[in-house]
Every structure is written in structure tokens, then in C-alpha cells.
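Working notes for the structure below.
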Amino acid sequence: MFVMFEETREQDNAGVAGTSFTMRVALLALRLMCLAWLWPVTQLNSSHFPNKRRHKDMYVGENAKQKHGGRVDLKMKKQDSTKSQLIKSEQLLRIEDHDFAMRPGFGGSAIPVGIDVQVESIDSISEVNMDFTMTLYLRHYWQDGRLAFPSSSNKSRTFDARLVKKIWVPDVFFVHSKRSFIHDTTMENIMLRVFPDGNILYSVRITVTALCSMDFSSFPLDTQNCSLELESYAYNENDLMLYWKNGNDSLRTDEIVLSQFFVEDFQPSFGLAFYSSTGWYNRLYINFILRRHIFFFMLQTYFPTMLMVMLSWVSFWIDRRAVPARVSLGITTVLTMSTIITGVSASMPQVSYVKAVDIYLWASFLFVFLSVIEYAAVNYFTTVEEMKRLKREKVPASFNATQAMAFDGCFHDNDIDLTPFSEVSSSPNTERNTQSRNSTVSAPTEGTRLRRKHPLLQNLSFIMSNSYMIDSYSRVIFPLAYLLFNIIYWSMYA
């Protein structure tokens with residue numbers, strides 16, 4: 001009976017085990033069916049609610065930061081909003097879908113590029129280097145259908161320099177420029193504005209130093225014509241056509257004030273440039289006229305020069321025997337004129353032609369130099385006159401010409417007292433010589449031919465025998481001649 005109970009127990013255990021295995025298989029099949037049914041729902045939720053993952057990452061990142069003492073995994077950081085916005089803009093403009101190394105409409109007609117310029121300032125003008133420095137806003141206008149985008153509001157989009165590097169822009173450069181740069185404070189001063197129809201505005205703020213061929217023949221009474229020239233570097237007229245967008249209104253200027261110049265006129269113009277190896281190119285010109293202010297040079301050059309010339313005339317009123325006074329005055333004025341000429345030449349380029357200021361300075365230097373030569377002539381003729389007078393008065397050999405000029409400037413010819421010298425006693429021979437001279441001069445004999453001196457020579461010999469008259473004439477001739485020179489000079493150059 002005990003054995004029968006054991007067999008019955010074993011049969012019950014086997015039935016329970018079979019039933020348990022069947023339930024497990026059925027439960028696993030049910031789970032698989034649930035997963036298969038929930039998979040499409042999961043994919044739909046992930047596509048409709050993408051921000052859930054971002055919030056989860058942000059939450060996990062904050063928890064990880066707290067757990068690891070402030071260290072955050074780079075993969076858990078939130079994406080930069082600027083970068084995501086740039087990616088959206090690139091996708092909107094379809095930048096990756098086109099090759100922007102090629103110009104718009106490649107293979108067809110030339111693409112028109114309009115230009116307008118606003119001159120902000122003329123920073124400097126150098127006569128020595130013959131150049132000028134200008135700061136300006138350069139704006140380009142063209143159409144690129146590759147950048148057109150749909151817009152319900154028809155509003156443009158504005159970008160900075162980061163997007164400019166990924167699209168095609170005109171390669172405009174400045175002809176005859178020595179150096180130039182784009183301002184980059186606080187960021188690069190570049191603006192790109194794209195309209196829905198593909199029209200583009202590209203603006204950049206530039207400072208450029210360019211060559212200006214100046215003519216100094218009328219300096220400092222001169223007027224200079226300078227120009228800034230714009231041209232495409234790679235595209236000739238078959239590929240790119242530059243033009244002023246609004247005609248003469250394409251060039252605008254702020255109020256420009258310069259220290260030495262007055263800006264008379266700004267004028268745009270257009271032309272063509274030919275290169276033997278690459279062909280014809282469109283070229284735009286920004287022409288402006290500069291007229292120099294004369295007042296600075298009047299104070300620094302012309303007025304001091306006039307005063308030095310007038311100072312040299314003072315020697316004409318000093319007694320001719322005051323040698324130290326007249327010589328020192330003449331040398332001082334000559335050296336001062338040399339200093340003024342050197343100072344003006346140092347601030348000017350070394351040109352091979354004569355400038356207007358050179359004519360004035362060297363003419364004034366000539367007047368100063370002639371005043372020194374005038375006193376040298378007066379001194380010489382005075383010495384000759386004294387020697388002749390001493391010979392006529394039979395002065396002893398012990399009285400030489402040095403004693404005749406050793407006066408202090410307080411005496412004149414009529415004040416010289418020659419009575420201390422011993423008189424030569426008259427002798428019969430002397431009386432006979434006097435009578436013979438008188439008889440010779442009294443009347444010419446018949447048949448004698450008389451020679452008549454030329455009036456100019458007579459006047460010259462008269463002036464030489466009366467040297468004090470040279471100073472008298474110089475007091476009138478020098479001022480009148482210098483006044484005449486100034487009238488001619490200012491009428492020609494002013």
C-alpha cells in the first residue's frame with residue numbers, strides 16, 4: 001500500500017512539471033507579441049518628440065556632474081544654439097548642394113556686379129611717399145540663384161563673415177594699392193544679406209593706402225587729382241561686369257576735414273583696362289580733387305623769407321665804414337635763408353623739376369646775397385676813392401689805405417681832416433708842371449681830334465668815384481625789384 005502511494009505521487013509531480021513548462025512557453029510568446037506591437041509606436045514617438053532625448057541627456061548630464069564632482073562628459077553637453085542655427089541656414093540655402101567655386105551662370109553671359117561706396121574718412125596724405133590712406137564701406141550687389149530660398153514673409157536673411165567663406169563673392173581688388181586690410185574689431189566688419197529671390201548684398205569696411213601721382217610744380221599753391229581704382233582680379237569682362245549701381249549717386253561721403261587740404265569734389269567714373277595676357281577688365285574709379293591750404297606755408301615759409309629779405313636791406317642805412325656791423329648782418333641773413341631752404345626741401349620728395357616754393361626761396365636768397373655783394377662793391381670803391389684822394393693831396397708814404405678805412409662809422413668824407421700831414425713845399429718845377437697842365441687843358445690846337453666818352457661809362461665812373469651813392473640807389477632799387485617779383489609770382493601761381 002505504501003508502494004502504491006509513492007507511484008501516485010511521482011505521477012502527480014510529472015504532470016505539474018509539464019504544465020509549468022507549457023505556461024512558460026506561452027508567457028514568452030506573449031511577451032514577444034507585445035514587443036512586436038509596441039515597436040512602431042516607439043519609432044513614431046521618437047520622430048514626433050525629439051526634444052525628449054535632449055531633456056533626458058541634459059538631466060543625465062546634470063546628475064553626472066553632481067556625481068562626478070563637476071566633470072561632465074563632452075557627449076552629454078547640450079549642442080550650441082549658434083552652431084545649430086548655422087547648420088539650419090546652410091540647409092536652407094542648400095550650400096552643400098552646389099559648387100560655389102564657380103561663378104553664378106558659369107559658361108553664360110557675364111554676371112553684373114553693382115558697386116557703391118561710402119567714404120568714411122581720408123586718414124592721411126603723404127607728399128614724400130606720394131600716397132593717400134582712405135577708409136570706406138565697399139558694397140557689392142549681384143544675384144545668385146543658387147542661394148534663393150522659399151519665404152512666406154519675403155524677408156531677407158543677414159549673416160556675418162562665417163558664411164561668406166562658403167559661397168562665391170566677387171574678387172574685387174584695389175589697383176595701385178600699397179597695403180589694405182579689413183577691420184576686425186570686435187569681429188570682422190563683413191555683412192552678407194541674402195534675399196529670397198537670390199539677390200545678395202555684400203558689404204565690407206576697408207582701409208586702403210593707394211598711390212597718387214602728384215605734380216608739385218605749383219607746390220604749395222597746388223591742386224592734386226587722386227583716384228582709387230577698383231577691378232576684378234580673376235574675371236575679365238566676359239565673366240564679370242562691374243558697374244556703378246546708382247550712377248553718380250553710388251559714391252557718398254561723410255563730412256571730411258583735412259589739416260592741409262580741402263576736398264573739392266568726389267566723382268565716380270568707369271573705364272576699361274587691358275592686360276596683354278588676360279584681356280580687358282572693367283575698372284571703376286573714385287576720383288577726388290584736393291586743394292592745399294596756403295595759410296600754413298605762409299606762416300612757416302613765405303613770411304619768414306620776406307622778413308629776412310627786408311632785414312638785409314637794413315645794411316643800406318648803416319654807414320659804409322661800419323664793416324663789422326654790415327658784414328655780420330649780411331652773413332646772418334644768408335645763413336637764415338639757407339636754413340629755411342633746407343627745412344622745406346627735407347619735407348618734400350626729391351623731384352627732378354622746380355617747384356613754386358623753390359622759385360620764391362631761391363629768388364629771395366638771391367636778393368639777400370646781392371645785398372652782401374652790394375656792400376663788397378661799396379667797400380672796394382670807397383677804398384679806391386680814398387687812395388686817389390690821398391694821391392691828389394700828396395700824402396706821405398707813411399699814410400696807407402688801411403688808415404683811410406679805419407674809422408668807426410661816425411665820420412664821412414667831408415669830415416676827414418688831413419691838416420696834420422706836412423704840406424709839400426712848392427718849387428719852380430711844381431709851378432711849371434701846373435702851368436703846363438693848365439695850358440694843355442685850356443684849348444686844343446687846330447687839327448686835334450676830341451674823344452667823347454659814352455654816357456653810361458661816364459655815369460659808372462661817377463658812381464665809382466662817389467661810392468656812397470650806391471647805398472642811396474640800393475635803398476630804392478632793391479625794394480622795388482622785390483615788390484615787382486612778388487607781383488609776378490603771386491599772379492602766376494595764386
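Remark: spin-label model distance residue 124-residue 165 equals 3.1 nm, labels positioned 7 Å along the Cα→Cβ axis.
When both region 106-183 and region 287-333 are represented by their alpha-carbon centers, they are found 53 Å apart.
Relative contact order for region 111-292 using alpha-carbon pairs under 8 Å, separation at least 6, rounded to a whole percent? Relative contact order, region 111-292: 26 percent. The amide H of residue 111, built 1.01 Å from its N in the peptide plane, has 240, 241 as neighbours under 5 Å, considering only residues 5 or more places off or on other chains. In this rough spin-label picture, where each label sits 7 Å from Cα along the Cβ direction, the residue 294-residue 490 distance is 0.8 nm. The candidates 186, 22, 333, arranged from most to least accessible area with a 1.4 Å probe in the full protein assembly, appear as 186, 22, 333. If R0 equals 35 Å, the separation of the Cβ atoms of residue 265 and residue 483 corresponds to a calculated FRET efficiency of about 0.45. Placing a label point 7 Å from the Cα of residue 258 along the Cα-to-Cβ line, the residues of region 122-138 whose backbone N sits under 18 Å from it are 122-137. The stretch between residue 218 and residue 92, if pulled fully straight at 0.36 nm per residue, gains 39.3 nm over its current Cα-Cα span.
The values are calculated or read from the model by the stated rules, or taken from the named source; none is laboratory data. For clarity, every value in this text was computed on a predicted model and none was experimentally measured. FYI the Cβ positions are ideal-geometry reconstructions off the backbone, even for glycines, and counts take in every protein chain you see. Protein only, heavy atoms only, side chains kept; ligands, DNA and RNA dropped before computing areas. Shrake-Rupley method; radii C 1.70, N 1.55, O 1.52, S 1.80 Å.
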